[in-house]
Amino acid sequence: MPYPLLSKTDSELAEALAAEDSRQESHLELIASENFVSQGVLEAYTSTLTNKYAEGYPAKRYYGGCGPADRVENLAIERLKKIFNAKFANVQPHSGASANLAAFYATLMPGDTYMGMDLSHGGHLTHGSAVNFSGLYYKPVAYGVKESDHLIDYDRAEALALEHKPKLIIAGASAYPRIIDFPRFRRIADKVGAKVMVDMAHIAGLVAAGLHPSPLEYADIVTSTTHKTLRGPRGGIILTNSEELIKTLNSRVFPGVQGGPLMHVIAAKAAAFAEALTGDFKTYQQNVVANAKALAERLIERKLSLVSGGTDNHLMIVNTFDTKGITGKDAQLMLEAANITTNKNMLPYDKNKPAVASGIRLGSPALTTRGFGKSEFIETADIIADILDAKGSDAALIAAKERVQKLCSRFPMRKFRLWD
Ligand code: DSN
């Protein structure tokens, strides 16, 4: 019985939680930023550390009774440093956005100019969007990708840097399917005396496994979430090799932008980091990349075009509008009706509005965790293409849903839950 206690004391909540379990069991999860944590991570996440206040850092806390919390946080820090071969780490950010806020706070003053990738070209909300702190309190200058090949326009980024003299240059993206050239960003930054911050949230797992070049050597600050390819609990981290910067960063995380750390989440991060140090994790990441490629190649065979023509990492952006005449919004809705979860996504130079968009973003991390291999990803591509070719007709959706159900039942999710 899922949620054995809650189902007796709070059935309303237990039912809502069970509905989410069923959704995860019966749907194909293709959102590129999601994943399924292990039982170990889940156990740590539900530990009694959620009860503990531990403001401060190990051995320098503002509350008593922090002995076990110190042990947990030190384990998380040491494991994280080892994964990425970094000298210093902060594991307290509640999220990637909090990590980025602390990094801004450590390197910029309000009104300062910095550069980040355009959100509509694959960047992130916290890299300069007008509706985010990064756009409201600072002066962002956006670089992007070329219209011709959808690759980052490093020459233009350099020209912009020389013109605007940013104090900080951010590399990293949430919808960029290719390798990012960190040494090039370092060289651009050095020409104008800027610091480099890399937000590797999407590719952290690939970096950990050596499947994407590491930014550590080239960046002053590296931030990330822990729940995407890294396959940990929802949360953020900050890394640096600079002793001076880590002191500032630590004080900007706490007391700068956060109070008490979420110690149960830090415990779950420690559990995930131990997994990321294993050979199995490397194999998993190799499969993530191979599966993304298989999915991309089959979609192209089925006459869907992909931004930049394919993928080098875990994700791809599918142009549904120009190839099938379906907006990203409608594609997302059609696929959801067949139990396939994706998100609509702007294409670079998109003519549709963000809420409509011309494509969808697909990623392989979650279904690879579930056990899918290349043949299942090829079948997934065929199901998607069949739905889009039929413009989401009722008959196509019924047939697709059956195929999805067959795939899901071959790879049960129960192993990822505590209560069954
Ligand atoms: N919202 C995340 C994503 O889906 O990529 C980025 O923070």
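Looking at region 103-116 only, could you name the residues that are in contact with a Gly (Cβ under 6 Å, 6 or more places away or on another chain) and crowded, with 23+ Cβ neighbours inside 10 Å?
Listed by number, the list holds a single entry, GLY116.
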Six or more apart or on different chains, Cβ atoms under 8 Å: show the pairs whose first residue is in region 388-414 and touching a residue at least 40 places away in the same chain (Cβ under 8 Å) and whose second is hydroxyl-bearing (Ser, Thr, Tyr) and outside any loop (DSSP other than H, G, I, E, B). LEU388/THR320; VAL404/SER26; GLN405/SER26; LEU407/THR380; CYS408/SER26
Expected single match for within 16 Å of the ligand (Cβ to nearest atom), in contact with a Ser or Thr (Cβ under 7 Å, 6 or more places away or on another chain) and in contact (Cβ under 8 Å) with a residue 40 or more places away in the chain among GLU29, GLU34 is GLU29
All positions within region 1-17 that are among the acidic types (Asp, Glu) and either in contact with a Cys (Cβ under 7 Å, 6 or more places away or on another chain) or open to solvent by 60 Å² or more (accessible area, probe 1.4 Å) (or both): GLU12, GLU15
Among the residues of region 120-130, is there at least one that is surrounded by fewer than 19 Cβ atoms within 10 Å (Cβ to Cβ) and not in a helix (DSSP H, G or I)? yes
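Looking at ALA173, ALA201, can you tell me which residue is within 16 Å of the ligand (Cβ to nearest atom) and touching a helix residue (DSSP H, G or I) at 6+ places or on another chain (Cβ under 6 Å)? Spell out how you get there, then give the answer.
Numbers: ALA173 fails: touching a helix residue (DSSP H, G or I) at 6+ places or on another chain (Cβ under 6 Å).
Exactly one of ALA173, ALA201 is within 16 Å of the ligand (Cβ to nearest atom) and touching a helix residue (DSSP H, G or I) at 6+ places or on another chain (Cβ under 6 Å), namely ALA201.
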For ALA292: the one exception among (1) in a helix (DSSP H, G or I); (2) open to solvent by 10 Å² or more (accessible area, probe 1.4 Å): (2)
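Would you mind finding the one in ASP322, ASP312 that is open to solvent by 10 Å² or more (accessible area, probe 1.4 Å) and touching a Pro at 6+ places or on another chain (Cβ under 9 Å)?
Working: ASP322 fails: touching a Pro at 6+ places or on another chain (Cβ under 9 Å).
Only one candidate passes the filter, namely ASP312.
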Looking across region 92-102 at residues that are within 16 Å of the ligand (Cβ to nearest atom) and not in a helix (DSSP H, G or I), the single one that is least open to solvent (accessible area, probe 1.4 Å) is PRO93
In region 132-149, how many are closer than 20 Å to THR223 by Cβ, away from the ligand (no atom under 14 Å from the Cβ), part of a loop (DSSP other than H, G, I, E, B) and out of contact with any Asp or Glu (no Cβ under 8 Å at 6 or more places or on another chain)? 1
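The values are calculated or read from the model by the stated rules, or taken from the named source; none is laboratory data. Remember, predicted model here, so these are calculated numbers, not experimental data. As a convention, Cβ positions derive from the backbone with ideal geometry for all residues, glycine included, and neighbour counts pool all protein chains shown. Each accessible area value is taken on the protein alone, full model and side chains, heavy atoms only, with ligands, DNA and RNA left out. Shrake-Rupley method; radii C 1.70, N 1.55, O 1.52, S 1.80 Å.
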